[in-house]
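Here is the structure we will look at, set down as structure tokens.
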Amino acid sequence: MCNILDHRKIKMIRKGPEGNTLVLLWLMMLIEAGKCDHGGYLMISDSLPYTAETLSMVTDIPLPTVQLGLATFAGLEMIDQWDGVICLKNWSKYQSEDKLEARREKDRE
């Protein structure tokens, strides 16, 4: 997704406290979710979800800033959290799931 910085929510975040750092956190969360390959869920393993603390460690962003980011993203309906699991909403908007699945199928063959 090449126009992410033009998105109105990203522009709003950038104007707030720690704005640029929160946008960096969002980008890093997108990347981590892509590495996890769990459909937008932030998972360290199949049964171990990322937490604010682990996101802080992985991104090297201070824990209070990560907590602010998660609250901001939740308030803007960019993430959902269920039973301690963080899920990036509209994951398919950021990833070409159909193209990824086609590539996986081709790799399997």
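The values are calculated or read from the model by the stated rules, or taken from the named source; none is laboratory data. Keep in mind it's a predicted model, so treat the numbers as computed, not measured. Note that we place each Cβ from the backbone using ideal geometry, even for glycine, and neighbour counts take in every protein chain shown. Only protein heavy atoms, including side chains, enter the accessible area calculation; ligands, DNA and RNA are left aside. Shrake-Rupley method; radii C 1.70, N 1.55, O 1.52, S 1.80 Å.
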>> Yes or no: region 19-35 includes at least one residue that is outside any helix (DSSP H, G or I) and charged (D, E, K, R).
In response: no
> Can you name the residue in region 45-72 that is of a type in the set (S, T, N, Q), closer than 17 Å to Val23 by Cβ and free of Cβ contacts under 8 Å to residues at least 40 places away in the same chain and, of all such residues, is most open to solvent (accessible area, probe 1.4 Å)?
Replying inline: Gln67
>> Given the criteria at pLDDT 90 or above and open to solvent by less than 80 Å² (accessible area, probe 1.4 Å), does Gly75 qualify?
In response: yes
> Right, Leu42: in contact with a Phe, Trp or Tyr (Cβ under 6 Å, 6 or more places away or on another chain), of a type outside the set (Val, Ile, Thr) and surrounded by 12 or more Cβ atoms within 10 Å (Cβ to Cβ) or not?
Replying inline: yes
